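Please read the structure below before turning to the comments.
Nothing in this text is a laboratory measurement; each read-out follows from the coordinates by a stated rule. Model, not experiment: these values are computed from the prediction. Note that each Cβ is placed from the backbone with ideal geometry, even for glycine, and that neighbours are counted across all protein chains shown.
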């Protein structure tokens, strides 16, 4: 009996053309993209073409797309920056977020400098927008809202545009984990209030170990890892 793989929400198989590209790169692309010699420039150009392609898909500029090793790293980067920069005083989230969000919030807020407030989803995972608005009225500016776009276990979809508009109305920032939606539907980041999203290539038939983060304004963020000037000084 043929086995049918149905766990694409956890990870997807590589497309044949992705495998071919990876093999070609492994054989012929050996340079450090930070190097100025021919091999380094070739590697750099390939990365930038990938960035440009992803930016087009997100309807944004390549300068707003940063590559990471995973969505987990990307989420940690966002939470770390929010807590360490000092401009975020409140975080609104839900108890059913991905562990990469919930555990990052707990870890980076271990000194309890940030007020954490949890929304109460219904039995299907739907967020009450009225409850969110009431919290935004109280907290206002200096608030980061962290809500998953499509839930990885329930399949519940957040009304991203409406939530972003609420955040914009009250001067809050919205970060959304879009890991389950990128590659399955059009995600337009040009929505007032939406300041960052993350994704992971292995969720849409790409290689494992490749993630990304979109930042509306990168000047508010700080590297999670310090070292060389990779990803325009956002990653070592």
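Which angle between 0 and 90 degrees, to the nearest 10, do you get for helix 99-108 versus the longest principal axis of the chain when only C-alpha atoms count?
Rounded to the nearest ten degrees, it is 70.
For the chain, what's the relative contact order in percent, using C-alpha pairs closer than 8 Å and at least 6 residues apart?
Once divided by the residue count of the chain, the mean separation gives 24 percent.
From the helices alone, meaning DSSP H stretches of at least four residues, give me the mean residue ellipticity at 222 nm for the chain, per-run term -39500 (n - 2.57), in deg cm²/dmol to the nearest 500.
That comes out to -11000 deg cm²/dmol.
Round to a whole angstrom and tell me the spacing of the C-alpha centers of segment 52-128 and segment 181-209.
Spelled out, the Cα-based centre of one part sits 13 Å from the other.
Please determine, in degrees from 0 to 90 and to the nearest 10, the orientation of helix 129-139 with respect to the longest principal axis defined by the Cα atoms of the chain, where the helix direction is its Cα long axis.
80 degrees
Which value, in nm² and rounded to one decimal, describes the direction-averaged projected area of the C-alpha convex hull of segment 129-181?
3.4 nm²
Give the order of 94, 50 when sorted by the count of other beta carbons within 10 angstrom, beginning with the fewest.
Exposure proxy ranking, most exposed first: 50, 94.
Say each of residue 233 and residue 106 gets a label point 7 Å from the Cα, pointing the same way as Cα to Cβ; how far apart are those two points in nm?
3.5 nm
Please rank 89, 135, 203, fewest neighbouring Cβ atoms within 10 Å first, as an exposure proxy.
89, 135, 203
Give me 27, 3 sorted ascending by neighbouring Cβ count inside 10 Å, so fewest comes first.
The fewest-first ordering by Cβ neighbours comes to 3, 27.
Between the helical axis of 71-85 and the dominant principal axis of the chain, each derived from Cα atoms, what acute angle in degrees is found, rounded to the nearest 10?
50 degrees
Residues in segment 38-55, backbone N under 20 Å from the label point at residue 28 (7 Å along the Cα-to-beta-carbon vector): list them, ranges by number please.
The answer is 38-53.
Using per-residue counts of other Cβ atoms within 10 Å, averaged over each peptide, order 68-74, 98-104, 206-212, 109-115 from highest down.
Per-residue mean Cβ counts within 10 Å order the peptides as 68-74, 98-104, 206-212, 109-115.
On full extension of the chain, what length is gained from residue 217 through residue 141, given 0.36 nm per residue of separation minus the C-alpha to C-alpha distance?
25.7 nm
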